[in-house]
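Asks: Take a look at this one; I'll ask things after.
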Amino acid sequence: MDKNIEKLSPATLWKHFAALCNIPHPSKHEEGVRQYIVNFAKEHGIECHVDKIGNVVLRKEATPGYENRKGIVMQGHMDMVPQKNNDKEFDFLKDAIQPYIDGEWVTADGTTLGADNGIGASAALAIFEDLKEHGLIEALFTIDEETGMTGVFELEKGHLKGDILLNLDSESEGELYVGCAGGIDVISHIPTVKELAYNGMKWYKIIVTGMKGGHSGMEIILQRGNSNKTMARLLDKAMKETGARLQSIDGGDVRNAIPREAHAVVAVPTDKAADFENLVKKYQAVFAAELAATEPTLSLTATPVAEEEEAFVMTDDSARRVVNAILATPNGVIRMSDTMEGLVETSCNLGVVKTLDDEVKFISLPRSSVDSAKDAAVAQIAAVAELAGGEAELSGGYPGWNPNMKSPILKTMKETYKSLYGKEPEVKAIHAGLECAIIGSVYENLDMISFGPTICYPHSPDEKVNIESVGKFYDFLKETIKSAPEK
């Protein structure tokens, strides 16, 4: 396992990325990365400002001969999604990510890599070191992009001087993104009542694991399984056919990652224990057959656990309402775009299910490039919660970004890419939330493009970044800045 990623090219970019991997930075814990950027600015004499929410802006004035070029803002986020394999001992608040070279890729040992958006942030820092000819350049590093876009929501006017925003947070080299989906967090609260379990029950912990997960926007089109949905299907059958009593169900960690694992604790009448165990084996085979192409390592197991004294379970009514609500909550692709082939228009991800003292909480993330369609998905989730005797709470809504096909920087970047690589880049919209949409609502005159290297399976422990694509992305970024349109 070759862990020396600093030997890769471009050297400055990989140097910074290696440093970021050594600094814990899950969402809402970006302090170390922020200090790294501030120290970098001091070391290199770069103007630096930290705003009240914790975003960082770096700035360099134009070099001689480039004063008439439009100013460019490079933008990325400081946080990463903390996901790990079930058998990996790792603390995202203390431990360093362990990147290594795997052929043509860089990946991490059992955890998310943080290439989303560590490569983009590293590229922006490298530009301040490497590029000697440029107009006004700025870099905006935001906080908490992955769990609510707090940084851009709190962004104030007056911090940025540039005319063009280059968002460095896309994941397919050779593609320029000119639009994105909007989204909103929907938190469903399903109240529960508990009672003492009957004597003579056999207790089991059910585990769904081995699923791929992934980015709930970019990879929702891949039709991967959702561990919360899978678990609910089994519980539905177990409750009806074996009299299983539900104590708890928990699955997924964050609302913007397709959930890979889930677990539940149930009590089964002793005389139905064999039937229950056979049912689990049956549905392991059912799910494996259904998802053979997308989830080849899916595992469903039920392991006996010790009975607790005075153990409580949900009442039958509570458990039925919880399971029904999980089954009925929309998940996956809802509609494809009518205007752009291959683009998901509307989707929903049932990302988190968590059992609390007196309720089970679901967190869903509906996305759409059509605001009215997003509203319809929200209404459907809220209706399910209401029918289950609960309610839905909305938070963290963000708008979509409408494409501007007459954008001057789009024209420049298409020409620049063709001059570098002999072909035009693809121009697309993305079914994911990009900070561009929110930044553009604050700085309304910004001309915006999003692009990046090739990153596969972000938001999952399979995340990896293509080494060659990083070099092409960085060279393209440098030439784009040098070729910025005139004012």
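The values are calculated or read from the model by the stated rules, or taken from the named source; none is laboratory data. All of these numbers come straight from a predicted model, not from anything done at the bench. Here the Cβ is made from the backbone with ideal geometry for all residues, glycine too, and neighbour counts use every protein chain on show. Side chains are part of the model used for accessible areas, which takes the heavy atoms of the whole protein and leaves out ligands, DNA and RNA. Shrake-Rupley method; radii C 1.70, N 1.55, O 1.52, S 1.80 Å.
Asks: May I ask you to say which residue of GLY440, GLY433, GLY471, GLY397 is at pLDDT below 95 and in a helix (DSSP H, G or I)? Can you show your working first?
Replies: Values: GLY433 fails: in a helix (DSSP H, G or I); GLY471 fails: at pLDDT below 95; GLY397 fails: in a helix (DSSP H, G or I).
Result: GLY440 is the single residue among GLY440, GLY433, GLY471, GLY397 that is at pLDDT below 95 and in a helix (DSSP H, G or I).
Asks: Moving on. Would you check if ILE481 is in a helix (DSSP H, G or I) and of a type outside the set (S, T, N, Q)? Write out each step before concluding.
Replies: Working: in a helix (DSSP H, G or I): yes; of a type outside the set (S, T, N, Q): yes.
Spelling it out, ILE481 is indeed in a helix (DSSP H, G or I) and of a type outside the set (S, T, N, Q).
Asks: Mind checking which residues of the stretch 216-230 are touching a helix residue (DSSP H, G or I) at 6+ places or on another chain (Cβ under 8 Å) and either open to solvent by 10 Å² or more (accessible area, probe 1.4 Å) or part of a helix (DSSP H, G or I) (or both)?
Replies: ASN228, LYS229, THR230
Asks: Looking at the stretch 303-316, which of its residues are outside any strand (DSSP E or B) and within 11 Å of TRP203 (Cα to Cα)?
Replies: ALA306, GLU307, GLU308, ALA311
Asks: Here's a follow-up. Look through LEU365, LEU434, LEU356 and report the one residue that is in contact with a Lys or Arg (Cβ under 7 Å, 6 or more places away or on another chain) and open to solvent by less than 60 Å² (accessible area, probe 1.4 Å).
Replies: Exactly one residue qualifies, and that residue is LEU365.
Asks: Restrict the check to the stretch 150-163 and report whether at least one residue is among the acidic types (Asp, Glu) and open to solvent by less than 20 Å² (accessible area, probe 1.4 Å).
Replies: Scanning the stretch 150-163, I find no residue that is among the acidic types (Asp, Glu) and open to solvent by less than 20 Å² (accessible area, probe 1.4 Å), so the answer is no.
Asks: While we're here: Working carefully through the options TYR474, TYR457, find the one that is within 29 Å of GLU156 (Cα to Cα) and in contact (Cβ under 8 Å) with a residue 60 or more places away in the chain.
Replies: TYR474
Asks: Related question: I'm trying to understand the selection: among the residues of the stretch 412-430, which are assigned to a strand (DSSP E or B) and more than 16 Å from the chain's Cα centre (by Cα)?
Replies: GLU426, VAL427, LYS428, ALA429 - these are the residues of the stretch 412-430 that are assigned to a strand (DSSP E or B) and more than 16 Å from the chain's Cα centre (by Cα).
Asks: Output the number of the condition that ASN324 fails; it satisfies all remaining conditions of (1) open to solvent by 10 Å² or more (accessible area, probe 1.4 Å); (2) over 30 Å from the mean Cα position of the chain (by Cα).
Replies: (2)
Asks: Looking only at residues in the stretch 248-266 that are among the hydrophobic types (A, V, I, L, M, F, W, C) and buried (at least 23 other Cβ atoms within 10 Å of the Cβ), which one is farthest from LYS229 (Cα to Cα)?
Replies: VAL266
Asks: How many of the residues in the stretch 438-475 are more than 16 Å from the chain's Cα centre (by Cα) and open to solvent by 10 Å² or more (accessible area, probe 1.4 Å)?
Replies: Number satisfying all stated conditions: 15.
Asks: Name, by its number, the condition in (1) modelled with pLDDT of 95 or more; (2) under 30 Å from VAL360 (Cβ atoms); (3) open to solvent by 30 Å² or more (accessible area, probe 1.4 Å) that does not hold for ILE381.
Replies: It fails just one condition, (3).
Asks: Could you please let me know if GLU295 is farther than 21 Å from CYS348 by Cβ and not hydroxyl-bearing (Ser, Thr, Tyr)?
Replies: For GLU295, the condition - farther than 21 Å from CYS348 by Cβ and not hydroxyl-bearing (Ser, Thr, Tyr) - is not met.
Asks: Let me ask something else. Which ranges mark the strands (runs of 3 or more DSSP E) fully within the stretch 127-199 that have 2 or more residues being modelled with pLDDT of 95 or more and within 30 Å of ALA11 (Cα to Cα)?
Replies: Numbers: elements: 137-142, 164-167, 175-180, 182-191, 194-196.
Because the criterion is at least 2 residues that are modelled with pLDDT of 95 or more and within 30 Å of ALA11 (Cα to Cα), the strands (runs of 3 or more DSSP E) in the stretch 127-199 that meet it are 137-142, 164-167, 175-180.
Asks: Quick one: what pairs do we get from the stretch 36-53, first residue in contact (Cβ under 8 Å) with a residue 12 or more places away in the chain, second of a type in the set (Phe, Trp, Tyr) and in a strand (DSSP E or B), C-beta under 9 Å, 6+ apart or different chains?
Replies: Pairs found: ILE37/PHE141.
Asks: Any idea which residue in the stretch 57-93 is farthest from THR480 (Cα to Cα), counting only those that are more than 18 Å from the chain's Cα centre (by Cα) and aromatic (Phe, Trp, Tyr)?
Replies: Result: PHE90.
Asks: Go over the candidates PHE153, PHE141, PHE128, PHE90 one by one and state the one that is over 21 Å from ASN445 (Cα atoms), of a type in the set (A, V, I, L, M, F, W, C) and in contact (Cβ under 8 Å) with a residue 24 or more places away in the chain. So that I can check it myself, show each step before the final result.
Replies: Values: PHE153 fails: over 21 Å from ASN445 (Cα atoms); PHE141 fails: over 21 Å from ASN445 (Cα atoms); PHE90 fails: in contact (Cβ under 8 Å) with a residue 24 or more places away in the chain.
Only one candidate passes the filter, namely PHE128.
Asks: Inspect all residues belonging to the stretch 275-293 and state whether any of them is touching a residue at least 24 places away in the same chain (Cβ under 8 Å) and on the phi > 0 side of the Ramachandran plot.
Replies: Scanning the stretch 275-293 turns up no residue that is touching a residue at least 24 places away in the same chain (Cβ under 8 Å) and on the phi > 0 side of the Ramachandran plot.
Asks: Report, by residue number, each residue of the stretch 303-357 that is modelled with pLDDT of 95 or more, closer than 22 Å to ALA238 by Cα, out of contact with any Leu (no Cβ under 8 Å at 6 or more places or on another chain) and of a type in the set (Val, Ile, Thr).
Replies: Answer for the stretch 303-357, where residues must be modelled with pLDDT of 95 or more, closer than 22 Å to ALA238 by Cα, out of contact with any Leu (no Cβ under 8 Å at 6 or more places or on another chain) and of a type in the set (Val, Ile, Thr): THR303, THR315, VAL352, VAL353, THR355.
Asks: Taking the conditions exactly as written (open to solvent by 50 Å² or more (accessible area, probe 1.4 Å) and either among the β-branched types (Val, Ile, Thr) or not in a helix (DSSP H, G or I) (or both)), does ASP338 satisfy them or not?
Replies: yes
Asks: Could you check the stretch 298-334 and list, in sequence order, the residues that are in contact (Cβ under 8 Å) with a residue 40 or more places away in the chain and more than 30 Å from ILE187 (Cα to Cα)?
Replies: Answer for the stretch 298-334, where residues must be in contact (Cβ under 8 Å) with a residue 40 or more places away in the chain and more than 30 Å from ILE187 (Cα to Cα): THR303, PRO304, VAL305, ALA306, GLU307, GLU308, GLU310.
Asks: Collect the residues in the stretch 55-74 that are under 29 Å from LYS464 (Cβ atoms) and out of contact with any Phe, Trp or Tyr (no Cβ under 8 Å at 6 or more places or on another chain), keeping them in residue-number order.
Replies: Correct list: ILE72, VAL73, MET74.
Asks: Could you tell me which of the residues ALA126, ALA115, ALA121 is within 28 Å of ALA484 (Cα to Cα) and out of contact with any Leu (no Cβ under 8 Å at 6 or more places or on another chain)? Talk me through it step by step, then tell me what you get.
Replies: Details: ALA126 fails: out of contact with any Leu (no Cβ under 8 Å at 6 or more places or on another chain); ALA121 fails: out of contact with any Leu (no Cβ under 8 Å at 6 or more places or on another chain).
ALA115 is the lone residue from the list that is within 28 Å of ALA484 (Cα to Cα) and out of contact with any Leu (no Cβ under 8 Å at 6 or more places or on another chain).
Asks: Out of the strands (runs of 3 or more DSSP E) lying entirely within the stretch 1-115, which hold 3 or more residues that are surrounded by fewer than 17 Cβ atoms within 10 Å (Cβ to Cβ)?
Replies: Fully inside the stretch 1-115 and qualifying: 47-50, 99-102.
Asks: Among the numbered conditions (1) part of a strand (DSSP E or B); (2) open to solvent by 80 Å² or more (accessible area, probe 1.4 Å); (3) of a type in the set (A, V, I, L, M, F, W, C), tell me where LEU300 comes up short.
Replies: Only one criterion in (1) part of a strand (DSSP E or B); (2) open to solvent by 80 Å² or more (accessible area, probe 1.4 Å); (3) of a type in the set (A, V, I, L, M, F, W, C) is unmet by LEU300, namely (2).
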